[in-house]
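Note sheet for the following structure.
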């Protein structure tokens, strides 16, 4: 199993059940060892939305087709996409050399003659290094900043938000935007240190993101906030450091990460930092996380992070999570989180009904039916609140299964 899927499963293990395999299908091929791995998951979801179209702009629940109370049902993938990854590794000239290429087929459609749902290619990277000095990565992979936040989210193997309030294609949202920013999948050049008695760090340059802004009450006059406007011509810089520990029956991890990108036309940088911790003892697991920044916006990086005068908006948020493994090996969990976007006072042209807070509470059951197969049931209650305190709500129940190979 390639490095990022191992990380994803490791995060899921901390929050859920240790049911995924340690590797996929291993094939010796001359100088190479090929690993074919992936997952398939499907969930039946039912979401009841309360609110009127346009009540809250820019949130996760808003849907132009919703009026009043509406129930939407779907059969779709969850937060993790279906994926089929091919990885290869070899030792050449005293270097460990590897590659990963991934395919992520979507699992939802809703009309005739549209059997080809959306698909993505989230991973395509090469690595080289040695256990004595670390690993260099070049290519597209999970972002560095906020990656541990999503990997420790218990909805990683479930659904969370984003089912029913929009047409799901490749994935739902889990807790993205309701407790942490989306790490996303980014072109990058990064370096990771060896694991030094539990301590490990990564630093890298990633592709600069565009500034997106839909928060103006009137149309843009200078074009800065228009969708697709380049936000920074220089790379973004991201880094993280973590310490993992184990003592008797207690294990855990503490991490910090950061992000900075020069935003063209503003004269300053968008930046963010976070801190998180996970601890497990006697079947109990606890996770806490907090982030804050300027110019990073809400949900996705640089999404509504600036007003039309090119002034950065403040953002912050976090989540808490508790889990317990029953004697049946079923893991039960409960979590709560919120993300906040601040208005820049009276000079900000943000509409009164634009998003201010995105909050979600989730309870879930995660049962290892076999070594590779998990049954998952979740219930999530999400609320979007506008700057004028008007709210939209979504209640989502889901049941399904996820299989790793």
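Here are some notes:
- Scanning region 252-269 for residues that are more than 13 Å from residue 238 (Cα to Cα), without any contact (Cβ under 8 Å) to a residue 60 or more places away in the chain and either within 19 Å of the chain's Cα centre (by Cα) or not in a strand (DSSP E or B) (or both) gives 254, 264, 265, 266, 267.
- Residue within region 346-354 that is surrounded by fewer than 23 Cβ atoms within 10 Å (Cβ to Cβ) and either in a strand (DSSP E or B) or modelled with pLDDT of 95 or more (or both) present: yes
- From the list 307, 316, 342, the one residue that fits, being under 15 Å from residue 263 (Cβ atoms) and either touching a residue at least 12 places away in the same chain (Cβ under 8 Å) or touching a helix residue (DSSP H, G or I) at 6+ places or on another chain (Cβ under 6 Å) (or both), is 307.
- Verdict on residue 301 being on the phi < 0 side of the Ramachandran plot, buried (at least 18 other Cβ atoms within 10 Å of the Cβ) and either in a loop (DSSP other than H, G, I, E, B) or over 19 Å from the mean Cα position of the chain (by Cα) (or both): yes
- Count of residues meeting criterion [touching a residue at least 60 places away in the same chain (Cβ under 8 Å), surrounded by fewer than 22 Cβ atoms within 10 Å (Cβ to Cβ) and part of a strand (DSSP E or B)] in region 360-376: 3
- Qualifying residue in region 270-284 (condition: in contact (Cβ under 8 Å) with a residue 40 or more places away in the chain, surrounded by fewer than 16 Cβ atoms within 10 Å (Cβ to Cβ) and under 26 Å from residue 159 (Cβ atoms)): yes
- Applying the criterion of being surrounded by fewer than 24 Cβ atoms within 10 Å (Cβ to Cβ) and under 21 Å from the mean Cα position of the chain (by Cα) to the residues of region 377-392, the residue that is farthest from residue 56 (Cα to Cα) is 377.
- Residues satisfying the stated conditions in region 20-63, i.e. at pLDDT 85 or above and farther than 30 Å from residue 300 by Cα: 25, 26, 27, 28, 29, 30, 31, 32, 33, 34, 35, 36
- Of all residues making up region 313-341, the number that are crowded, with 21+ Cβ neighbours inside 10 Å and assigned to a strand (DSSP E or B): 11
The values are calculated or read from the model by the stated rules, or taken from the named source; none is laboratory data. Keep in mind it's a predicted model, so treat the numbers as computed, not measured. We place every Cβ from the backbone using ideal geometry, glycine too, and count neighbours over all the protein chains shown.
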